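The values are calculated or read from the model by the stated rules, or taken from the named source; none is laboratory data. In this text, all values refer to a predicted model and were calculated from it rather than measured experimentally. Methodologically, a virtual Cβ is constructed for each residue, glycine included, from the backbone with ideal geometry; neighbour enumeration extends over all protein chains shown. Accessible surface areas use protein heavy atoms only, side chains included; no ligands, DNA or RNA. Shrake-Rupley method; radii C 1.70, N 1.55, O 1.52, S 1.80 Å.
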Amino acid sequence: MPNRLFVTTLAFGVALAFSAAAGPLEQSGTTSRTSETLELNGVDQRQALPCDGRQVVIAGSGNVIELTGTCAGLDLAGVDNKVEINLAPDAHVTVAGAGNQLRWSSTGRPRIRVEGVENEVMRLN
């Protein structure tokens with residue numbers, strides 16, 4: 001059974017391929033919060049969001065997201081997203097898709113898994 005991150009990445013890839021013929025994409029998407037998770041899905045969003053210790057899920061294309069505070073972990077999927085995040089010392093991070101840029105800081109050594117092509121992951125501190 002495929003994992004959720006793979007299915008999300010595949011779905012956005014297909015959507016981007018079909019939308020390319022329609023012209024430039026406009027900013028669109030959704031953000032949802034629970035006490036444990038922060039989920040952002042969309043295209044070309046520019047946001048600064050507080051983590052408040054939550055697990056973060058970002059899926060889409062062309063998003064520029066700054067996460068403030070400390071985040072429990074991150075699942076990033078899609079194409080050409082740019083994310084800056086402060087991670088909990090024991091965080092789990094997955095980056096999947098193509099051309100994503102992740103800039104992170106932490107007081108520990110989070111476990112980071114990178115899948116896809118031309119994804120960049122860089123520690124800030």
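What the table below lists for this structure:
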quantity: Spacing of the two label points (7 Å from each Cα toward its C-beta) at residue 111 and residue 90, in nm; calculated: 1.1
quantity: Rounded percent of accessible protein surface that carbon and sulfur make up, the range 60-123, 1.4 Å probe; calculated: 47
quantity: Relative contact order (percent, whole number), the range 64-118, Cα cutoff 8 Å, 6+ residue spacing; calculated: 34
quantity: Long-range HN-HN contacts of residue 75 with modeled amide H, under 5 Å; calculated: 56, 57, 58, 94
quantity: Cα pair distances in the range 27-73, grouped into 10 Å bins until the bin that holds the longest one, percent each; calculated: 30, 57, 13
quantity: Whole-number accessible area per residue in Å² for the range 40-125, which is evaluated in the context of all protein chains at 1.4 Å; calculated: 44
